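Here the structure comes first, spelled out in structure tokens, and everything after it is commentary.
The values are calculated or read from the model by the stated rules, or taken from the named source; none is laboratory data. All figures in this text were calculated on a predicted structure; none of them were measured in a lab. We place every Cβ from the backbone using ideal geometry, glycine too, and count neighbours over all the protein chains shown. Each accessible area value is taken on the protein alone, full model and side chains, heavy atoms only, with ligands, DNA and RNA left out. Shrake-Rupley method; radii C 1.70, N 1.55, O 1.52, S 1.80 Å.
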Amino acid sequence: MRWLAAAPRALTPLALLAAALALALPSATLAARSDLLLALLVLATALGISFADLRGLRDHVREVAILSLAPLLVLGLVAWALGRPFSAPIRDGLLATGLSSSEVASVGLVALAGADATIALGAVTGSLVFAALLGPFAVGLLASGTGHADAGKLLGRFALVVIVPLAAGVAIRSHSGLAARLARLDPEREGVAAITVAVLVYAALSGTHGAHHLGSALLASALFLAVSAALAELWRRRTAPGPVAIPGALAIAMRDFAVAAALATQAFGTAAGTVPGVYGVVMLLGGSVAAAWVGRSGRAQTDQFKP
């Protein structure tokens, strides 16, 4: 099982490989089932979270609450505004990306950057809940009118694939008789999550229709990532050098493309999943580079003060 444990370290190459396969050999079946893949990813993530982990965030409740809700509201409106010049599938996919939660992979990248990953964990957990509850209704209010799923049905399905596996995973991890055994399997669990992320990239990009569609999706994704990264930098500068600076910045800058893909495809069809898929690849690349750079900078600064 060593290959499974090594998967998280190869997440970005896996995502790139999945993107290439989706363009060469797309799967309409997987493209239409991204919500089930999301449920697996949420469960794999939640099995690494215990109630003790969440209680450990008592000193940062305010910051975690802000990071859980504010980016979803702000970036949802940003995505709506940026999507106006694009065609309906791009516009709707971008909206779903703005209304998604913090990226699950940001927790690992925060650790790579040498910051407190528990704060990122709290932001991911809280934002998953808010995205599941508010995302479907926001889609109904802001979408271009091409959706075929009403907000009530979408809310029910999203609650099923996000909140249920999230609650189940946390409860299982918190069980005293299972916690130690699950902890020993953490590398394999994280490997399952990484592979699921790659499969979700493949599923989302399987809805691509033509090079122009893909080019528009790339442009929309890059614009959205640039704005979210700028907002993340504002957070970092405002809160530095506190412990919430780096976790908060990555939680804002990296939105969960898996949640976005499931929301987009369920509400608008597989073509709308192209933007989350393209965004996922670009975001993982950018996040990995940023986390590595922050980690090196932090170690360099620490070395300056060593005797």
>> Are there helices (runs of 4 or more DSSP H) fully within the stretch 1-93 with at least 2 residues that are open to solvent by less than 70 Å² (accessible area, probe 1.4 Å) and more than 20 Å from Phe158 (Cβ to Cβ)? List them.
In response: 2-6, 11-24, 51-55, 61-82
> If you take the residues in the stretch 215-228 that are at pLDDT below 95 and crowded, with 18+ Cβ neighbours inside 10 Å, which one is nearest to Pro71 (Cα to Cα)?
Replying inline: Ala217
>> Residue under question is Val110, and the condition is that it be in contact with a Ser or Thr (Cβ under 8 Å, 6 or more places away or on another chain), under 27 Å from Val281 (Cα atoms), among the β-branched types (Val, Ile, Thr) and part of a helix (DSSP H, G or I); does it hold?
In response: no
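Taking into account only those residues within the stretch 235-294 that are among the aliphatic types (A, V, I, L, M) and not in a helix (DSSP H, G or I), which is surrounded by the most Cβ atoms within 10 Å (Cβ to Cβ)?
Met254
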> If you go through the stretch 114-125 one residue at a time, do you hit one that is outside any helix (DSSP H, G or I), in contact (Cβ under 8 Å) with a residue 24 or more places away in the chain and within 21 Å of Leu284 (Cβ to Cβ)?
Replying inline: yes
> For the stretch 94-142, how many residues are crowded, with 24+ Cβ neighbours inside 10 Å and acidic (Asp, Glu)?
Replying inline: 1
>> Between a residue in the stretch 55-66 that is more than 11 Å from Gly126 (Cβ to Cβ) and in contact (Cβ under 8 Å) with a residue 12 or more places away in the chain and any residue that is part of a helix (DSSP H, G or I) and of a type outside the set (Ser, Thr, Tyr), which pairs come within a Cβ distance under 6 Å, given they are 6 or more apart or on different chains?
In response: His60/Ile119
> Can we say Leu4 is of a type in the set (A, V, I, L, M, F, W, C), under 20 Å from Val275 (Cβ atoms) and modelled with pLDDT under 90?
Replying inline: no
> What number of residues in the stretch 49-84 are more than 28 Å from Leu141 (Cα to Cα) and polar (S, T, N, Q)?
Replying inline: 1
